[in-house]
Amino acid sequence: IDSVLKELRPLVEKVAVDNAVIVMVCNHGQSELLMNFVCNSRAKGLDISQVLVFATDIETKELADGLGLTTFYDEQNFGSIPSEAAKRYGDQKFMGMMLAKLYCVQMVSMLKYDVLFQDVDVIWFKNPLPLFQNTSSPLYDFDIYFQDDGARSPRYAPFSPNSGFYYVRHNIRTEYFFSVFLRMGDMIIASGSHQSAMNQVLSEHVSWRGLRAKVFQRDGDELPGGYHFNMRSGKWMKDYFAGKKNPYIFHMSWTANKDNKLLYYKQMGEWYTEETCIGSTAKEIVKNSVGNQIIATKCCLADPKITCHYRDKPSKQPCRQSPNIDKGRPSFW
């Protein structure tokens with residue numbers, strides 16, 4: 001671990017601002033979502049220079065480098081993780097990436113930095129860091145903050161934290177929390193869920209070690225996600241399309257696989273990536289081109305690509321002629 005941290009430290013120091021780093025982990029199978037995060041942010045003029053991508057394969061490292069991101073690839077620890085996208089929630093490829101999510105945050109925590117961790121299926125409307133770093137906010141004194149997953153099943157009780165978007169303020173409590181979570185990482189394999197395992201360790205540390213955890217309200221506007229996208233009433237998303245919501249981010253959780261995430265973002269009006277770049281390697285995209293960030297130049301759209309796919313899912317424009325994905329659900333519009 002010492003040699004890995006020695007290699008990682010200068011990269012963390014490069015991107016950190018006010019001792020905070022934005023961490024993402026990605027394999028090639030999910031790289032389109034990483035690409036869309038970058039393209040989406042560029043189109044909105046958002047600064048993502050604090051992002052550090054943990055690539056689990058060389059193809060993703062090359063793509064992330066070409067997108068202008070700071071990237072770390074550790075073949076010793078990540079080399080055995082599948083490069084393909086998970087076909088469904090909880091399969092073996094999914095499990096490999098869930099373990100990678102644990103390793104990368106633990107390593108940055110060991111270097112004593114604050115971490116905003118986010119999955120690659122998150123997009124920004126504005127930089128979310130001020131939500132956690134405002135010293136005058138009554139929420140500032142918490143150690144760890146989570147997006148509310150929205151689910152109220154027993155396996156996520158009592159907090160229902162979504163482990164695909166959370167902020168960790170480094171201190172002795174959070175460093176110990178992640179060191180214990182790392183040693184109990186087999187819980188991820190046993191439960192089939194990074195989120196469920198993390199919730200169990202979180203509950204123990206809140207009651208035993210005094211860890212101060214904050215989960216943002218499910219019905220708030222700051223951190224929406226799959227719960228809001230899939231609401232039967234459609235009210236939150238209709239208000240969003242009407243300009244009545246002002247969120248920091250959107251997290252396309254509660255989705256069966258990567259393919260559906262892409263389709264949902266396309267009809268939501270948040271897909272900013274060229275079709276020819278989807279599933280491609282850096283070498284296939286660049287070919288004979290030269291220059292820094294050439295992949296972003298070739299793959300990023302100035303305006304979103306809006307297409308209809310499912311009539312019963314939220315869409316920026318009516319998709320009444322499209323098929324249903326969920327049997328028996330009425331048209332969103």
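Here are the numbers for this structure:
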{"quantity": "Value at 222 nm in deg cm²/dmol, rounded to 500, when DSSP H runs of n ≥ 4 in the chain each add -39,500 (n - 2.57)", "calculated": "-11000 deg cm²/dmol"}
{"quantity": "GNM top mover of ALA256, ALA64, ALA55 - the chain, alpha-carbon springs below 10 Å", "calculated": "ALA256"}
{"quantity": "Counting DSSP beta bridges with both ends in the chain, the antiparallel % (nearest 5)", "calculated": "45"}
{"quantity": "Rg/Rh ratio calculated on Cα atoms of segment 153-212 (Kirkwood radius)", "calculated": "0.93"}
{"quantity": "Entries of LYS261/LYS313; LYS238/LYS266; LYS126/LYS313; LYS61/LYS298 with Cα pairs more than 19 Å apart", "calculated": "LYS126/LYS313"}
{"quantity": "Average Cα contact separation per residue, the chain, under 8 Å, 6 or more apart, as relative contact order %", "calculated": "19"}
{"quantity": "Size of electric dipole in the chain: Cβ of Lys, Arg +1 and of Asp, Glu -1, about Cα centre, debye, nearest 20", "calculated": "1080"}
{"quantity": "Per residue, the convex hull volume that the Cα atoms of the chain enclose (Å³)", "calculated": "138"}
{"quantity": "Cys residues of the chain counted as unpaired, since no other Cys beta-carbon is under 4.7 Å", "calculated": "CYS26, CYS104"}
{"quantity": "Simple spin-label estimate for ASN171 and LEU5 in nanometres, 7 Å along Cα-Cβ", "calculated": "2.1"}
{"quantity": "Segment 259-276-segment 106-178 distance, computed between alpha-carbon centres (Å)", "calculated": "26"}
{"quantity": "Apportionment of accessible area to carbon and sulfur, the chain, percent (1.4 Å)", "calculated": "49"}
{"quantity": "Accessible area per residue in Å² at 1.4 Å probe, computed on segment 290-333", "calculated": "62"}
{"quantity": "Computed E for GLN76/GLU284 - FRET, C-beta separation, R0 22 angstrom, nearest 0.05", "calculated": "0.25"}
{"quantity": "Under 10 Å, Cβ to Cβ, from SER163 - net charge with Lys/Arg +1 and Asp/Glu -1", "calculated": "-1"}
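The values are calculated or read from the model by the stated rules, or taken from the named source; none is laboratory data. On a predicted model such as this, the values are computed, not experimentally measured, just so you know. All Cβ positions, glycine included, derive from the backbone under ideal geometry; neighbour counts span all protein chains shown. Just the protein is used for accessible areas: all its heavy atoms, side chains included, with ligands, DNA and RNA removed. Shrake-Rupley method; radii C 1.70, N 1.55, O 1.52, S 1.80 Å.
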